1. Enumerate the amide H contacts of ALA33 below 5 Å, restricted to partners 5 or more residues apart or on another chain; note that Pro and chain-start residues carry no placed amide H.
2. Note the count of lysine pairs whose C-alpha atoms are less than 23 angstrom apart in the stretch 2-111, limited to pairs 8 or more residues apart or on different chains.
3. Suppose every K and R has +1 on its Cβ and every D and E has -1 on its Cβ; what is the size of the dipole of the chain about the Cα centre, in Debye to the nearest 20?
4. Return one number: the angle in degrees, 0 to 90 and rounded to the nearest 10, between the long axis of the Cα atoms of helix 13-22 and the longest principal axis of the Cα atoms of the chain.
5. What ³J(HN,Hα) values, in whole Hz, does the Karplus curve 6.51 cos²θ - 1.76 cosθ + 1.60 give for the stretch 64-74 when θ = phi - 60°, with x put for Gly and Pro?
6. Using mean Cβ contacts within 10 Å as the protection proxy, how do 72-85, 98-111 order, highest first?
7. Once amide H atoms are built 1.01 Å from N in the peptide plane, which residues 5 or more positions from ASP88, or in another chain, come under 5 Å H to H?
8. Any idea which of PHE45, ALA73, ASN104 is furthest toward the positive side of the dipole for the stretch 2-111, if Lys and Arg beta-carbons carry +1 and Asp and Glu beta-carbons -1?
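Nothing in this text is a laboratory measurement; each read-out follows from the coordinates by a stated rule. Treat the numbers as computed from the prediction; the structure is a model and nothing was measured. Every residue, glycine among them, receives a Cβ derived from its backbone with ideal geometry; neighbour counts consider all protein chains shown.
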Amino acid sequence: MHKIEAIIQPSKLDAVKDALVEIGIEGMTILEARGHGRQKGHTEFYRGREYTVDLLPKVKLEIVVSDELVDKAEQAILSSARTGKIGDGKIFRSRIDEAIRIRNDERGPSAL
């Protein structure tokens, strides 16, 4: 099993969710996040004053998938979240040793 964490633009969340559901992934955790990478934020004007917005709104998506679905899930996220502009986000993949369903102590990929 693998955990995929994707940091994406909030405007791309629905497209990414739809792409994941289409390949059979329905369980996911979605968190609102703020941060920046290379784009380092931007400058805005409000009531005549200039200020810097250096932590931009992002969405963090977390899913745990079986080994067979890892490549499909990553490709679904890549193709649906990409705009080709700076700030599109990142994907992180890590190995998961065990998953346990709390309700009935089911373990392994069937607990997903």
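1. LYS58, VAL59, LYS60
2. 29
3. On the way: 19 positive and 19 negative charges, 119 e Å.
Rounded to the nearest 20 debye, it is 560 debye.
4. Once rounded, the angle reads 20 degrees.
5. 10, 10, 5, 4, 5, 9, 4, 5, 5, 5, 4
6. On the way: 72-85: 15.4, 98-111: 10.9.
Packing proxy ranking, top to bottom: 72-85, 98-111.
7. For ASP88, whose amide H was placed from the backbone, there are no distant partners under 5 Å.
8. Farthest towards the positive end: PHE45.
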